[in-house]
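Everything on this sheet refers to the single structure shown next.
The values are calculated or read from the model by the stated rules, or taken from the named source; none is laboratory data. Since the model is a prediction, treat every value here as computed from it, not as a measurement. Every residue, glycine among them, receives a Cβ derived from its backbone with ideal geometry; neighbour counts consider all protein chains shown.
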Amino acid sequence: MKSVSEGLFEKASRLFPGGVNSPVRAFRAVGGTPPFLTRGSGSRVYDADGREYIDYVGSWGPLIAGHAHPEVLDAVMRAAESGTSFGASSPLEIELAELIKSALPSMERLRFVNSGTEACMSALRVARAFTKRELIVKFEGCYHGHADAVLADAGSGALTLGVPGSAGVAAATAQQTLVVPYNDPNALREVFGRYGDRIACVIVEPIAANMGLVKPVDRYHELVRDVAHEHGALLIFDEVITGFRVAWGGAQQLLNVKPDLTCLGKVIGAGLPVGAFGGRRDIMERLAPLGDVYQAGTLSGNPLAMAAGTAQLKILSRPGAYERLESTAASLQTGLARAVKENSLRVALDRVGSIWGMFFSSEPVTDLATAKRSNTRAYANFFHAMLECGVYLAPSQFEVGFVSLAHSSADIADTVEAARLAMARLQTRAVAQ
């Protein structure tokens with residue numbers, strides 16, 4: 001008998017390309033029909049068939065306090081009673097901005113936008129205007145939204161000009177993006193040696209989380225900063241995922257590297273559509289109305305997102321919040337590692353703060369090339385086994401998992417037991433083959 005979610009997916013497929021409004025939701029990487037979620041509460045989500053799951057997606061990271069946190073809901077309700085949007089300034093923008101600046105002092109001036117894509121796109125524009133240069137450097141496997149300039153792939157050689165990473169991206173646009181391997185100091189030095197006087201900026205996920213979780217090698221971003229500055233280029237940290245996730249001050253606090261510009265995303269809106277970019281005052285004051293770089297948004301700084309974000313950041317700022325996240329995430333990592341060892345599987349498991357990731361791989365994963373060599377079929381089997389056990393993971397090995405303040409010790413124990421059973425099933429299947 002067809003499930004409710006299967007019926008909904010059939011209807012959605014007649015309305016949306018691929019049946020979804022964002023590609024990863026289609027489950028193409030793992031197969032099967034995606035569940036249609038109808039409710040979230042704390043660490044749990046519920047689908048249209050009434051099934052309950054422990055959730056480690058958390059709307060792709062922003063729900064660090066958990067689903068439907070009462071304080072966040074109350075803040076949104078109170079804001080909505082006064083109006084959902086004004087297209088004008090409101091005091092709520094100031095309150096959230098002050099909280100962000102207190103956590104990330106490198107953001108001397110900032111501007112709210114409506115998504116992480118907008119934040120990165122706008123940061124690149126102001127960087128080009130400030131430096132009077134056109135080329136940008138990005139890293140293989142790092143994702144900075146779906147603006148044309150950052151949907152570039154590496155060309156035939158590691159240091160060639162970029163080629164379009166999506167149909168519809170003009171070749172001339174992609175060629176303004178230089179794509180180099182992540183965690184490769186020599187490649188970075190070489191690209192600056194070749195194009196240094198034409199490069200406006202380097203944009204990077206300080207802890208890569210869009211090819212799975214890939215940590216930077218020791219002091220890597222100090223090198224990135226120093227090489228960029230040596231050639232008069234700016235350093236942009238894309239902290240859409242890492243901001244407020246790996247520390248109160250984001251990855252820049254953890255790594256002790258101060259970027260020139262920072263991009264933030266949905267975590268500062270507790271899951272509502274929002275983003276922000278900011279940095280040095282002299283750079284940001286190139287923006288209109290003070291300067292000649294145009295950027296605008298009718299819904300930027302909308303009251304609902306500002307209220308939700310302020311409520312969540314206040315929760316995170318309380319004593320013990322990050323200690324609890326660290327303890328919970330560490331317990332999950334330890335339990336998963338034990339399940340891997342018990343079943344003699346080849347899995348690269350890693351974590352930074354409340355972000356975790358796993359590759360079915362026998363080698364350390366340090367860049368996109370090694371990530372791509374991981375066993376995606378094994379992950380797909382593991383994903384579906386976990387889903388059957390009531391644990392909702394990212395439907396792709398090249399995504400990460402998120403722990404929230406709502407995850408309890410019982411949630412972690414249940415997740416580890418589910419993983420043990422799922423991995424035992426994988427081991428049995430491998431032996432049978």
Problem set entry | Failed item in (1) buried (at least 18 other Cβ atoms within 10 Å of the Cβ); (2) in contact with a helix residue (DSSP H, G or I) (Cβ under 9 Å, 6 or more places away or on another chain), with Arg425 passing the rest | (1)
For this session: Just one of (1) crowded, with 18+ Cβ neighbours inside 10 Å; (2) over 28 Å from Gly243 (Cα atoms); (3) not assigned by TED's automatic domain parsing to the domain that holds Ala418 trips up Pro35, so point out which.
Result: (3)
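So which residues in the stretch 293-348 are outside any helix (DSSP H, G or I), among the charged types (D, E, K, R) and closer than 26 Å to Ser374 by Cβ, if there are any at all?
The first filter runs over the stretch 293-348 and keeps only residues outside any helix (DSSP H, G or I), leaving 293-302, 317-320, 343-348.
Then drop every residue that is not among the charged types (D, E, K, R), which leaves 318, 346.
Listed by number, the list holds a single entry, Arg346.
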For this session: Please give the number of the condition Ala371 fails out of (1) outside any loop (DSSP other than H, G, I, E, B); (2) within 23 Å of Ser43 (Cα to Cα).
Result: (2)
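Might you check whether a residue that is modelled with pLDDT of 95 or more, touching a strand residue (DSSP E or B) at 6+ places or on another chain (Cβ under 6 Å) and polar (S, T, N, Q) occurs anywhere in the stretch 258-266? Give the steps one after another, and end with the answer.
Taking the stretch 258-266 and keeping what is modelled with pLDDT of 95 or more, we get 258-265.
So of that shortlist, the ones also touching a strand residue (DSSP E or B) at 6+ places or on another chain (Cβ under 6 Å) come out as 259-265.
Adding the requirement that they be polar (S, T, N, Q) leaves 262.
Yes: the stretch 258-266 contains one or more residues that are modelled with pLDDT of 95 or more, touching a strand residue (DSSP E or B) at 6+ places or on another chain (Cβ under 6 Å) and polar (S, T, N, Q).
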For this session: Might you let me know whether the stretch 263-280 holds any residue that is surrounded by fewer than 22 Cβ atoms within 10 Å (Cβ to Cβ) and under 21 Å from Ser106 (Cα atoms)?
Result: yes
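For the subset of the stretch 356-368 comprising residues that are touching a Gly at 6+ places or on another chain (Cβ under 7 Å) and part of a strand (DSSP E or B), which member is farthest from Ser396 (Cα to Cα)? Lay out the reasoning, then the answer.
Of the residues in the stretch 356-368, the ones touching a Gly at 6+ places or on another chain (Cβ under 7 Å) are 356-357, 359, 365, 367-368.
In the following step, the residues that additionally are part of a strand (DSSP E or B) were identified as 356-357, 359.
On the way: Trp356: 13, Gly357: 11, Phe359: 10 Å.
Per the stated criteria, the residue is Trp356.
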For this session: Would you be able to say whether some residue in the stretch 355-371 is farther than 30 Å from Gln252 by Cα, out of contact with any Cys (no Cβ under 6 Å at 6 or more places or on another chain), in the same structural domain as Gly58 (by TED's automatic domain parsing) and modelled with pLDDT of 95 or more?
Result: no
For this session: Inspect the stretch 386-397 for any residue being assigned to a helix (DSSP H, G or I), outside the structural domain of Gly249 (by TED's automatic domain parsing), at pLDDT 95 or above and hydrophobic (A, V, I, L, M, F, W, C) and give the result as yes or no.
Result: yes
Exercise. What number goes with the only condition from (1) within 17 Å of Leu135 (Cα to Cα); (2) touching a Gly at 6+ places or on another chain (Cβ under 8 Å); (3) modelled with pLDDT of 95 or more; (4) hydrophobic (A, V, I, L, M, F, W, C) that Ala174 does not pass?
Worked result: (3)
For this session: Scan Gly19, Gly58, Gly40 and give me the residue that is surrounded by 17 or more Cβ atoms within 10 Å (Cβ to Cβ), among the small types (Gly, Ala, Ser), touching a Phe, Trp or Tyr at 6+ places or on another chain (Cβ under 6 Å) and without any contact (Cβ under 8 Å) to a residue 40 or more places away in the chain.
Result: Gly19
Problem set entry | Sole exception among (1) over 23 Å from Leu261 (Cβ atoms); (2) touching a residue at least 12 places away in the same chain (Cβ under 8 Å); (3) not in a loop (DSSP other than H, G, I, E, B) for Leu73, by number | (2)
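Out of the residues in the stretch 43-55 that are hydroxyl-bearing (Ser, Thr, Tyr) and either without any contact (Cβ under 8 Å) to a residue 60 or more places away in the chain or within 19 Å of Ala311 (Cβ to Cβ) (or both), which is surrounded by the most Cβ atoms within 10 Å (Cβ to Cβ)? Spell out the reasoning first.
So the first thing to find is which residues in the stretch 43-55 are hydroxyl-bearing (Ser, Thr, Tyr), and the list is 43, 46, 53.
From the residues that got through so far, the ones that are either without any contact (Cβ under 8 Å) to a residue 60 or more places away in the chain or within 19 Å of Ala311 (Cβ to Cβ) (or both) too are 43, 46.
Details: Ser43: 24, Tyr46: 17.
Here the residue is Ser43.
Quick one: would you say Arg245 is at pLDDT 95 or above, touching a Ser or Thr at 6+ places or on another chain (Cβ under 8 Å) and either buried (at least 24 other Cβ atoms within 10 Å of the Cβ) or farther than 21 Å from Thr117 by Cβ (or both)?
Values: at pLDDT 95 or above: yes; touching a Ser or Thr at 6+ places or on another chain (Cβ under 8 Å): yes; either buried (at least 24 other Cβ atoms within 10 Å of the Cβ) or farther than 21 Å from Thr117 by Cβ (or both): yes.
In short, yes.
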For this session: List every residue pair whose Cβ atoms lie under 9 Å apart, where the two residues are 6 or more positions apart in sequence or sit on different chains, the first residue falls within the stretch 279-295 and is touching a residue at least 24 places away in the same chain (Cβ under 8 Å), and the second residue, located anywhere, is of a type in the set (S, T, N, Q).
Result: Gly279/Ser106; Gly279/Thr262; Arg280/Ser106; Leu287/Ser122; Leu287/Gln295; Val293/Ser122; Gln295/Ser122
Exercise. For the stretch 88-101, how many residues meet the condition of being surrounded by 13 or more Cβ atoms within 10 Å (Cβ to Cβ) and part of a loop (DSSP other than H, G, I, E, B)?
Worked result: 1
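From the list Asn343, Asn302, Asn375, Asn381, which one is within 23 Å of the chain's Cα centre (by Cα) and not assigned by TED's automatic domain parsing to the domain that holds Ser122? Give the steps one after another, and end with the answer.
Values: Asn343 fails: within 23 Å of the chain's Cα centre (by Cα); Asn302 fails: not assigned by TED's automatic domain parsing to the domain that holds Ser122; Asn381 fails: within 23 Å of the chain's Cα centre (by Cα).
Exactly one residue qualifies, and that residue is Asn375.
Can you give me the number of residues within the stretch 400-420 that are crowded, with 21+ Cβ neighbours inside 10 Å and of a type outside the set (Ser, Thr, Tyr)?
First, pick out the residues of the stretch 400-420 that are crowded, with 21+ Cβ neighbours inside 10 Å: 400-407, 411-412, 415, 419.
From what is left, the residues that are of a type outside the set (Ser, Thr, Tyr) are 400-403, 405-407, 411-412, 419.
Summing the residues that are crowded, with 21+ Cβ neighbours inside 10 Å and of a type outside the set (Ser, Thr, Tyr) in the stretch 400-420 gives 10.
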For this session: Report, by residue number, each residue of the stretch 356-365 that is surrounded by 17 or more Cβ atoms within 10 Å (Cβ to Cβ) and either under 10 Å from Gly212 (Cα atoms) or charged (D, E, K, R) (or both).
Result: Trp356, Gly357, Met358, Phe359, Val365
Exercise. Which ones in the stretch 262-292 are touching a Gly at 6+ places or on another chain (Cβ under 9 Å) and of a type outside the set (A, V, I, L, M)?
Worked result: Thr262, Cys263, Gly265, Lys266, Gly269, Gly271, Gly275, Glu285
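Only one of these is of a type outside the set (A, V, I, L, M) and not in a loop (DSSP other than H, G, I, E, B): Ser41, Ser59, Ser106, Ser85. Name it.
Values: Ser59 fails: not in a loop (DSSP other than H, G, I, E, B); Ser106 fails: not in a loop (DSSP other than H, G, I, E, B); Ser85 fails: not in a loop (DSSP other than H, G, I, E, B).
The unique qualifying residue is Ser41.
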